[in-house]
């Protein structure tokens, strides 16, 4: 399993590097920073898309209480989320920042899974793990979400 390939105390970069391209086209780890979620690490299967991903993570630091942010909702509730292409398009329309909207359009995620990273002792979220399929054409489903949930538990307990 993927966790076995990680160091004992993986960094956020270790996690995204292990996920892309073996398990996802795009991966991000977001961590709380005061009242916002900030992207701690990211990777994309297509090196040409890294600029758009970098722009997205620079511009998108949602408040933890943001009702429109899927990442913030997963962090607040501890509940995972599978987003279909239609849901992603609807969310894209809610972004008022043109940099974020443009980056999401360029990255072209087709299906996105978001799971909390859970602290071992309290089972409370300590971060968020997002994976998405985009340019490869691969698809994910509810079974993949269950795998990501378990991965979030295992990684959250070991994260630096």
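FYI, it's all coordinate maths here, none of it is from the lab. Bear in mind the structure is a predicted one, so any value in this text is a computation, not a measurement. Here the Cβ is made from the backbone with ideal geometry for all residues, glycine too, and neighbour counts use every protein chain on show.
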The simple spin-label model distance between residue 123 and residue 55, using points 7 Å out along Cα→Cβ, in nm, is 4.2
Listed residues 12, 142, 70; largest mean-square fluctuation, Gaussian network over the chain with Cα springs below 10 Å, found at 142
Relative contact order of the stretch 1-69 (C-alpha contacts under 8 Å, at least 6 apart) in percent is 25
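Could you work out the Rg to Rh ratio of the stretch 1-102, with Rh taken as the Kirkwood radius (inverse of the mean 1/r over all Cα pairs)?
Working: Rg = 14.1 Å, Rh = 14.7 Å.
Radius of gyration relative to Kirkwood radius: 0.96.
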re the stretch 22-160: pairs of Cα atoms spaced beyond 26 Å account for a percent value of 15
With 0.36 nm assigned to each residue of separation and the Cα-Cα distance removed, residue 8 to residue 138 gains 43.8 nm
Out of 122, 61, 38, a Gaussian network model of the chain with alpha-carbon springs under 10 Å gives the largest mean-square fluctuation to 122
Of all C-alpha pairs within the stretch 8-54, those more than 11 angstrom apart amount in percent to 66
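222 nm [θ] for the chain, helices only, -39500 (n - 2.57) per DSSP H run of 4+, per residue, to 500? If you can, show how the numbers build up before the last one.
Values: 6 runs with 63 residues, N = 160.
Taking each H run of at least 4 residues, the total per residue is -11500 deg cm²/dmol.
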